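A quick write-up on the structure given underneath.
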Amino acid sequence: MRLRYLLCCIIFLIFCHLSSFGREKIKIDFDWKFMLGDYKEAMNPQYDDSKWNTVNLPHDASIYGNFVKDSLGGTRQNGFRPRHIGWYRKHLNIKEGLEGKRIFLEFEGVYRASDVWVNGIHCGTFLNGYLDFQYDITSLVKPGENIIAVRYDNTFKESSRWYTGEGITRDVYLNIVDNLHVDRYGTYITTPKTGKDKAQVKVETKVINQSADSVQCRLVTNILSPSGNIVASRTSLIPLGKNEKFEINQEFEIRDPRVWDIDNPQLYKAISIIYNKEQLVDTYETTFGIREVDFNPEQGFLLNGRKVFLKGVCLHHDLGPLGAASFERAWEKRLDILKNKLGCNAIRLSHNPYPKYVLDWCDRNGMLVFDEAYDKWNEQYYGPGEKFEDHWKQDVETFIKRDRNHPSVFVWSVGNEVVQQQKKDKDTIESGVSLLKEMLAFVHELEPARKVTCALYPARYNGIKYNDPKFYISSPHQMAFYPDVMSVNYQSSFFKKDHEKYPQLIFLSSELATGEAGYDYFNYDHSYSCGQFYWGGTEYIGESFGWPSKGWINGAIDLCDNFKPVAYSIESFYSDRPMVQIAVLDKNKSENKLWNDAKISWKPMFFHWNWQKDEKLTVQTFTNCDSVQLYINGKSAGIESILNKKLPQLFWNVAFEKGKIEAQGIKNGKIVAKNVLTTAGEAYRIILEADRDTIKADGLDLSYITVKVVDKNGIVVPTASNKIFFSVSGEGTNAGVGNGNIMSDELWQANSRSAFNGECQLIVRSAGNTGKVVIAVHSKGLKPAHLILHTL
């Protein structure tokens, strides 16, 4: 036993050494120079950028300043944010001793139409602002200082139907590898056979030799179990000529496999170790899961042989007050809320590639991913005069190869509500079907292990739309019959009829409305359908119904990650954790013009108990319990049961009494959940609540501070709208502020914010040093507050 332990320790130490050998991935997010405008000479190394702003990435250049309604902002689609041309410059030091190495400059996302120069030499143009790209800059750099220059152009007004942000919105890396190395996204891992006792794992590894001579390449692939032990190993020896690529296929048998599942997401790793003769030159790590994904017309979606009903939401890529600047911690927070509070087991990444760490989180935490490459098949991602047909293959190949090893990805989507499906013109429909078939075949050839779909607009055969009397008696659109899975937006009411007539079809609701508290969840048969994705999971900037709304107001969760009434309703459908939540209808606001002009699709309900004396109120509770007992100041207002109801809607008509209203959720005769609202007094002081009081001193970590205006008893004052002022000093900065009011004209990048429903939010970004972050908050007429965070 002791000898076995020592051997395991030795193997582990060797692996730790090997896993850091041969390649470097260096994040270069800090100390970039930035300036709005077009500077024709800024690509030149000698250009004087001393008066430019210094920024740290990720950076959204459009989120700063006032909202605008002119020709380059102004559109409701872009959230009334401005559109610019801008430049970045980076003074980059390259170390000595990199002979025999290849140096790649990788951008995870630049919105959009980026041009990149290194030391005055143009590396290339990349149009798609949502996808990562890299350039080989080996011959362009030298030891010592080098200059990277990046220009973007976000002035195309038809670019996406939502807020895009602009600039270098995601991380940037230097990738340093040997001339002999695993190619970019060069591994492809599948698990074609899985069983209780053993599983078959196939690993395809593409190796490239960029040295001046032929080499003798030896590939050793070790499979590590979720606990970190080597459970299988294979070696292949291949001669490679100059500039030759070679795909090496290896098969493994894994005994007693630990399966990836949504409740127990077990992850394996493949460590690809490359030798040039006997010299170790590269190590490449690929995380994967052993699992089976399948679909059939009788059961819908199956994971590891059992039916799983997809309980999901759709997302967009912005992060509220942070704009389109993408931070890993912000995504961790958002996804954790969706899975562990709302009860989602799936998300739809609409309608573009997301940062890689979003999928990494889903792998680690058991969240299924509907992975989508595009919205419309038109010039929106590429710019005016750029035909979609000229670009999609290259980008889809990168997208598929990048994401194909993630066990969380259960289906590919090649588009959403494409124009070719919406029009009634026969030639347009035929061209759409032809393009769809080409895209499906292309993805199948690249990645045959998963099914492919395309989310369809609510238009039926020959483009008949919902405002046509023939809509409800028509057949599915021609495009519905070609994808492996028929994903439809807002058409679940057709499932029964279409399932009976076309029994081969597999049904998935890629968009379902959150209106009327999301009760469309109960309007179709779940037994044969795959599941659904509410539009949308969170509010997002852009695609508003018009001023003053700055974005999609009908998300279940607001821009500051607060639940709205519809979110608690969805939680009651999705979550297994016993819950009950009280909401009170504001009858006066239901007649409010601003409320109706914003086209808010749920009733004006609020989570407070501050009303007028003896006011007649309608109280609703959202629950997944059998019944709810309601109390006002300890006196029962009655019990309501969801049993035998068509929809789980529980209402009480009561008169307001100052004090407390309490809902008790009852299951199997026992109280299993409670929710209490208490009448608040006058606003008295500010309190601060940090989601984490210790964050990494890496310049990228975040702490979300909830700012509450409370009375003397610590109860949030729901009517408080005090202007709150922030000061952040020490080893952190103010990354953004918000208050959940998407109709507010206040800035997201500011040192103040008004309370909304008694609360607002401050986001703190760490600096690059260990120490303390001191937060001081004050407002006229309120006792101030302060908070200390630690950076480690």
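Tally the residues that are assigned to a loop (DSSP other than H, G, I, E, B) and either open to solvent by less than 30 Å² (accessible area, probe 1.4 Å) or over 28 Å from ASP318 (Cβ atoms) (or both), restricting the search to the range 99-128.
So the count comes out to 9.
Just one of the numbered conditions (1) closer than 21 Å to GLY771 by Cα; (2) open to solvent by 50 Å² or more (accessible area, probe 1.4 Å); (3) outside any loop (DSSP other than H, G, I, E, B); (4) not basic (Lys, Arg) is not true of ASP698; which one?
Every listed condition holds for ASP698 apart from (3).
What are the residues in the range 538-571 that are of a type in the set (D, E, K, R) and open to solvent by 10 Å² or more (accessible area, probe 1.4 Å), if any?
Selection gives GLU543, ASP558, ASP561, LYS564.
Only one of these conditions is not met by GLY305: (1) open to solvent by less than 10 Å² (accessible area, probe 1.4 Å); (2) farther than 12 Å from ASP561 by Cβ; (3) of a type in the set (Gly, Ala, Ser). Which number is it?
Result: GLY305 passes all but (1).
Does the range 76-89 include one or more residues that are in a loop (DSSP other than H, G, I, E, B), free of Cβ contacts under 8 Å to residues at least 40 places away in the same chain, within 30 Å of GLU543 (Cβ to Cβ) and open to solvent by 10 Å² or more (accessible area, probe 1.4 Å)? Don't jump to the end; show me each part of the working.
Initially, the range 76-89 is screened for residues in a loop (DSSP other than H, G, I, E, B), giving 79-84.
Pick out the ones that are also free of Cβ contacts under 8 Å to residues at least 40 places away in the same chain and you get 82.
With the extra rule that they be within 30 Å of GLU543 (Cβ to Cβ), the set shrinks to 82.
Now drop any that are not open to solvent by 10 Å² or more (accessible area, probe 1.4 Å), which leaves 82.
Within the range 76-89 (the criterion being in a loop (DSSP other than H, G, I, E, B), free of Cβ contacts under 8 Å to residues at least 40 places away in the same chain, within 30 Å of GLU543 (Cβ to Cβ) and open to solvent by 10 Å² or more (accessible area, probe 1.4 Å)), the answer is yes, since at least one residue qualifies.
Surrounded by fewer than 22 Cβ atoms within 10 Å (Cβ to Cβ), of a type in the set (Asp, Glu), touching a strand residue (DSSP E or B) at 6+ places or on another chain (Cβ under 9 Å) and in a strand (DSSP E or B), is that true of GLU96?
no
Identify all residues within the range 275-295 that are polar (S, T, N, Q) and either open to solvent by 30 Å² or more (accessible area, probe 1.4 Å) or in contact with a helix residue (DSSP H, G or I) (Cβ under 7 Å, 6 or more places away or on another chain) (or both); write none if there are none.
Scanning the range 275-295 gives ASN276, GLN279, THR283, THR287.
Check GLU158, GLU145 and return the single one that is in a strand (DSSP E or B), out of contact with any Phe, Trp or Tyr (no Cβ under 9 Å at 6 or more places or on another chain), in contact (Cβ under 8 Å) with a residue 40 or more places away in the chain and surrounded by fewer than 20 Cβ atoms within 10 Å (Cβ to Cβ).
Sole residue among the options that is in a strand (DSSP E or B), out of contact with any Phe, Trp or Tyr (no Cβ under 9 Å at 6 or more places or on another chain), in contact (Cβ under 8 Å) with a residue 40 or more places away in the chain and surrounded by fewer than 20 Cβ atoms within 10 Å (Cβ to Cβ): GLU145.
Mind checking which residues of the range 659-691 are among the charged types (D, E, K, R), within 15 Å of ILE788 (Cα to Cα) and touching a residue at least 60 places away in the same chain (Cβ under 8 Å)?
ASP691, the sole residue that qualifies.
I'd like to check which strands (runs of 3 or more DSSP E) are fully inside the range 728-792 and have at least 2 residues that are farther than 19 Å from GLY699 by Cα.
Details: elements: 732-738, 752-754, 759-766, 771-778, 785-791.
Result: 752-754, 759-766, 771-778, 785-791.
Can you tell me which residue among VAL452, VAL411, VAL418 is touching a Lys or Arg at 6+ places or on another chain (Cβ under 8 Å) and within 24 Å of THR190 (Cβ to Cβ)?
Within the list VAL452, VAL411, VAL418, the selection yields VAL411.
Answer yes or no as to whether VAL220 is among the aliphatic types (A, V, I, L, M), part of a strand (DSSP E or B) and open to solvent by 50 Å² or more (accessible area, probe 1.4 Å).
No.
Has the range 487-494 got at least one residue that is in a strand (DSSP E or B) and either exposed (fewer than 14 other Cβ atoms within 10 Å of the Cβ) or polar (S, T, N, Q) (or both)?
The answer is yes, given that some residue of the range 487-494 is in a strand (DSSP E or B) and either exposed (fewer than 14 other Cβ atoms within 10 Å of the Cβ) or polar (S, T, N, Q) (or both).
Can you report the number of residues in the range 550-582 which are small (Gly, Ala, Ser), more than 26 Å from LEU762 (Cα to Cα) and not in a loop (DSSP other than H, G, I, E, B)?
Pass one, the range 550-582, residues small (Gly, Ala, Ser): 551, 555-556, 567, 569, 572, 575.
This time we only want the ones that are more than 26 Å from LEU762 (Cα to Cα), so: 569, 572, 575.
With not in a loop (DSSP other than H, G, I, E, B) added as a condition, the list becomes 569, 572.
Adding up the residues that qualify gives 2.
Any idea which residue in the range 495-510 is farthest from CYS314 (Cα to Cα), counting only those that are among the polar types (S, T, N, Q) and surrounded by 15 or more Cβ atoms within 10 Å (Cβ to Cβ)?
The qualifying residue farthest from CYS314 (Cα to Cα) is SER509.
Residue by residue, here is whether (1) farther than 26 Å from MET743 by Cα; (2) open to solvent by less than 40 Å² (accessible area, probe 1.4 Å); (3) within 38 Å of the chain's Cα centre (by Cα); (4) of a type in the set (Asp, Glu) holds:
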site: ASP586; (1), (2), (3), (4): no, yes, yes, yes
site: ASN596; (1), (2), (3), (4): no, no, yes, no
site: PHE607; (1), (2), (3), (4): no, no, yes, no
site: GLU662; (1), (2), (3), (4): yes, no, yes, yes
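I'm trying to understand the selection: among the residues of the range 539-549, which are in a loop (DSSP other than H, G, I, E, B) and over 19 Å from PRO604 (Cβ atoms)?
In the first step, residues of the range 539-549 are kept if they are in a loop (DSSP other than H, G, I, E, B); the result is 539, 543-549.
Correct list: GLU543, TRP547.
I'd like to verify a number: residues in the range 335-370 that are open to solvent by 10 Å² or more (accessible area, probe 1.4 Å), touching a residue at least 24 places away in the same chain (Cβ under 8 Å) and either touching a Pro at 6+ places or on another chain (Cβ under 8 Å) or closer than 21 Å to GLY531 by Cα (or both), how many?
As a first pass, look at the range 335-370 and keep what is open to solvent by 10 Å² or more (accessible area, probe 1.4 Å): 336-337, 339-341, 343, 345, 356-357, 360-361, 364-365.
Those still in the list that are touching a residue at least 24 places away in the same chain (Cβ under 8 Å) too: 336-337, 339, 341, 343, 345, 356-357, 360-361, 364-365.
When the remaining residues are screened for being either touching a Pro at 6+ places or on another chain (Cβ under 8 Å) or closer than 21 Å to GLY531 by Cα (or both), the result is 336-337, 339, 341, 343, 345, 364-365.
Looking only at that region, the number is 8.
Say we look at the range 387-404 and pick out the residues that are over 21 Å from LYS423 (Cβ atoms) and charged (D, E, K, R); which of these is most open to solvent (accessible area, probe 1.4 Å)?
Among those that are over 21 Å from LYS423 (Cβ atoms) and charged (D, E, K, R), it is ASP390.
Tell me, yes or no, whether the range 310-324 has at least one residue that is more than 11 Å from the chain's Cα centre (by Cα) and open to solvent by 40 Å² or more (accessible area, probe 1.4 Å).
no
Yes or no: GLY289 over 24 Å from the mean Cα position of the chain (by Cα) and in contact (Cβ under 8 Å) with a residue 12 or more places away in the chain? Please lay out each step first, then the result.
Working: over 24 Å from the mean Cα position of the chain (by Cα): no; in contact (Cβ under 8 Å) with a residue 12 or more places away in the chain: yes.
Criteria not met by GLY289.
Of all residues in the range 366-390, count the ones that are over 17 Å from SER510 (Cβ atoms) and out of contact with any strand residue (DSSP E or B) (no Cβ under 6 Å at 6 or more places or on another chain).
Step one: list which residues in the range 366-390 are over 17 Å from SER510 (Cβ atoms), which gives 366, 378-390.
Subset that is out of contact with any strand residue (DSSP E or B) (no Cβ under 6 Å at 6 or more places or on another chain): 378-390.
Result for the range 366-390: 13.
Quick one: ARG577 ticks every box in (1) within 30 Å of VAL308 (Cβ to Cβ); (2) under 30 Å from the mean Cα position of the chain (by Cα); (3) open to solvent by less than 30 Å² (accessible area, probe 1.4 Å) bar one, so which box is it?
Evaluating ARG577 over (1) within 30 Å of VAL308 (Cβ to Cβ); (2) under 30 Å from the mean Cα position of the chain (by Cα); (3) open to solvent by less than 30 Å² (accessible area, probe 1.4 Å) leaves (3) as the failure.
Within the range 183-195, is there a residue that is touching an Asp or Glu at 6+ places or on another chain (Cβ under 8 Å), at positive phi and not β-branched (Val, Ile, Thr)?
Among the residues of the range 183-195, not one is touching an Asp or Glu at 6+ places or on another chain (Cβ under 8 Å), at positive phi and not β-branched (Val, Ile, Thr), which makes the answer no.
Which of the residues spanning the range 219-251 are touching a residue at least 60 places away in the same chain (Cβ under 8 Å) and in contact with a Phe, Trp or Tyr (Cβ under 6 Å, 6 or more places away or on another chain)?
LEU240
Please verify whether the range 405-428 includes one or more residues that are part of a helix (DSSP H, G or I), without any contact (Cβ under 8 Å) to a residue 40 or more places away in the chain, of a type in the set (Ser, Thr, Tyr) and surrounded by fewer than 23 Cβ atoms within 10 Å (Cβ to Cβ).
yes
The values are calculated or read from the model by the stated rules, or taken from the named source; none is laboratory data. Since the structure is predicted, the reported quantities are computational estimates derived from the model, not experimental observations. Please note: Cβ atoms are built from the backbone with ideal geometry, for glycine as well, and neighbour counts cover all protein chains shown. Surface areas here come from the heavy atoms of the whole protein model, side chains and all, with no ligands, DNA or RNA. Shrake-Rupley method; radii C 1.70, N 1.55, O 1.52, S 1.80 Å.
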